[in-house]
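*Asks:* After the C-alpha cells below, expect a handful of questions from me.
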Amino acid sequence: METIRRAGDGSDGAPREYRVEELAQAAGITTRTLRFYRERKLLQPPRKEGRIAWYGEEHLSRLRVIGELLERGHTLGGIAELIGAGESGRDVAELIGLQAAITAPWSDETPVHLSWAELAEAFGDQLTEANTAESIGQGYITVQEDGITHVSRRLMDATTSLVAEGVPLSAVLAASRKAQDYADAVAEVFTALIRDQLLGALAHVEDVTPAEAARLTGQIQRVRPLARTVADAQFALAMDRRVHAEYDAVLKHRG
C-alpha cells in the first residue's frame, strides 16, 4: 500500500504519478483517447509496477502539448513527426514556438462591415459593379446580402477619405492594385532575407534541434519589427525623392 500511495499522490516529495484514469482526468480527455494516443506512439511508455501502469508529469505535459497542437490544426500524423523530433514536452514546445514565429500574422488589421446604405452615402454613383468587382478581385472585400466586409478598417477609411477629397474611386482602386503589387515585392525581399540568412536550408521545422528552434524563434521575433521599420523608412524616403522630383519637374516646365 505504501508503494501505491507514494506513486499515486507524491505526498512524500516523490514525483507525482497517475493511474491511467487519473492521468486522463488531469489532462481533460477520456481514457479511450489516452489509450489511442498510446497506440499511435504519441505518448511515452508508462512505468510498470506489476500489472499497474504509472504515468508521470512528463506524460501529462505531453498530453497538454498534443491538445495544443490539435487546437492549432495539426493532424495526428504531423504531431507524431513533431514529437519524434524531440525527447520531451519542452523540446516539442520549442519546435511549436518556431512554427508559430514563422507563421504568425504580420497584419493586425481590423475588419469593418458597411451596409449598402453606408456605401452609397460614401461613394454615391461611383459604387458601380466594375469598382465592386475590382475591390473583390484585390481580395479586400467580401459581399454579403446586407453590404460588404472589408479586411482593413484603416484601408477602408483611407479609401472613403480619398474619395471625399475628390479622387475618383476607380483611381483609388487602380493605385491600390499597383501598391499591392509593390507591397508583395517588398514582402518577397524580406521573406527571402529571413529564409536565406536565418533559416538557411531548413526544409521542415522538424529538422532542427529544440535548442536551435529556440534560437531561431528569438531571431525571427526580433527581426519582424525591424522589417516593418525598414519598409516604413524606405517608403517615406522614396516619397521624399519622388515629391521633390515631381516639384522640380513642374518648376522646370513653368520656367
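The values are calculated or read from the model by the stated rules, or taken from the named source; none is laboratory data. Computed from a predicted model, the values in this text were never measured in an experiment. Areas reflect the complete protein model, heavy atoms only, side chains present, ligands, DNA and RNA absent. Shrake-Rupley method; radii C 1.70, N 1.55, O 1.52, S 1.80 Å.
*Asks:* Using a 10 angstrom cutoff on alpha carbons, build the Gaussian network for the chain and name the most mobile of G166, G56, G200.
*Replies:* Maximum fluctuation in the GNM of the chain, among the listed residues, is at G166.
*Asks:* Now, a different point. When all protein chains stay in place, what accessible area (Å², nearest 10, 1.4 Å probe) is found for Y247?
*Replies:* 140
*Asks:* Out of (1) 67; (2) 48; (3) 54, which label holds the value of percent of Cα pairs over 24 Å apart that was computed here?
*Replies:* The listed entry that was calculated here is (1).
*Asks:* Go through V167, V143 and list them by solvent-accessible area, largest first, probe radius 1.4 Å. Mind showing how you got there, number by number?
*Replies:* Numbers: V167 55, V143 75 Å².
In descending accessible area the options line up as V143, V167.
*Asks:* R64 accessible area, nearest 10 Å², 1.4 Å probe?
*Replies:* Accessible surface of R64 is approximately 140 Å².
*Asks:* As a test of reading the structure, rank R38, R224, R62, R51 by solvent-accessible area (1.4 Å probe, protein chains only), most first. Write out the running numbers ahead of the final one.
*Replies:* Details: R38 80, R224 40, R62 10, R51 235 Å².
Putting R38, R224, R62, R51 in descending order of accessible area: R51, R38, R224, R62.
*Asks:* Can you put L155, L173 in order of accessible area, largest first, using a 1.4 Å probe?
*Replies:* Working: L155 80, L173 20 Å².
Largest to smallest exposure gives the sequence L155, L173.
*Asks:* If you don't mind, another one. How much of the calculated P(r) for region 27-80 lies past 15 Å, in percent of all Cα pairs?
*Replies:* Values: 690 of 1431 pairs.
Considering region 27-80, 48 percent of its Cα-Cα pairs are separated by more than 15 Å.
*Asks:* Mind listing the phi-derived Karplus ³J(HN,Hα) values for region 25-41, rounded to whole Hz, using 6.51, -1.76 and 1.60 with θ = phi - 60°, and x for any glycine or proline?
*Replies:* 5, 5, 8, x, 10, 8, 5, 5, 5, 4, 5, 5, 4, 4, 5, 7, 6
*Asks:* Also, I was wondering about something else. So how compact is region 124-255: Cα radius of gyration and Dmax in angstrom?
*Replies:* 20.8, 67
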